[in-house]
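Only one structure is covered here, and it is reproduced in the block below.
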């Protein structure tokens with residue numbers, strides 16, 4: 001098959017999304033979840049329109065990952081932007 005490339009298969013992007021989501025569970029902090037969302041979105045995009053080139057797919061992946069990360073950071077940040085301070089010992 002001429003022009004066959006692994007990045008042009010939708011399931012490869014979905015497998016990458018699942019792998020990144022698993023990494024997020026192992027290293028929480030919403031670092032890999034934005035990348036997982038971006039990879040899943042690109043996987044759906046490749047499924048619907050498989051004729052895009054690698055540079056376009058990587059640009060879409062980077063853009064969507066950044067947007068997803070920014071939204072996740074805004075939704076799940078600490079209420080006042082700081083850390084939680086415990087004033088009482090729970091083992092009393």
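Details
- You can think of it this way: the chain between residue 60 and residue 7 has 17.8 nm of extra reach, that is 0.36 nm per residue less the Cα-Cα gap.
- The range 42-77-the range 21-38 distance, computed between alpha-carbon centres (Å): 14
- Among the listed values (i) 78; (ii) 37; (iii) 54, the one matching percent of Cα pairs over 18 Å apart as calculated from this structure is (iii).
- Percent of C-alpha pairs per 10 Å bin, the range 21-75, short to long: 27, 47, 23, 3
- Cα-based helix-to-principal-axis angle, 54-76 vs the chain, degrees rounded to 10: 20
- Rel. contact order, % - alpha carbon contacts under 8 angstrom, at least six apart, the chain: 29
- Virtual spin-label span in nm between residue 85 and residue 71, 7 Å along Cα→Cβ: 3.5
- Acute angle (nearest 10 degrees) that the helix 32-48 long axis makes with the longest principal axis of the chain, alpha-carbon atoms: 30
- Sorted peptide list for 18-31, 41-54, criterion being average Cβ within 10 angstrom, highest first: 41-54, 18-31
Since every read-out is calculated from the coordinates, none of them should be taken as a lab result. Computed from a predicted structure; not experimentally measured. Cβ coordinates were reconstructed from backbone atoms using ideal geometry, including for glycine residues, and neighbour counts include every protein chain displayed.
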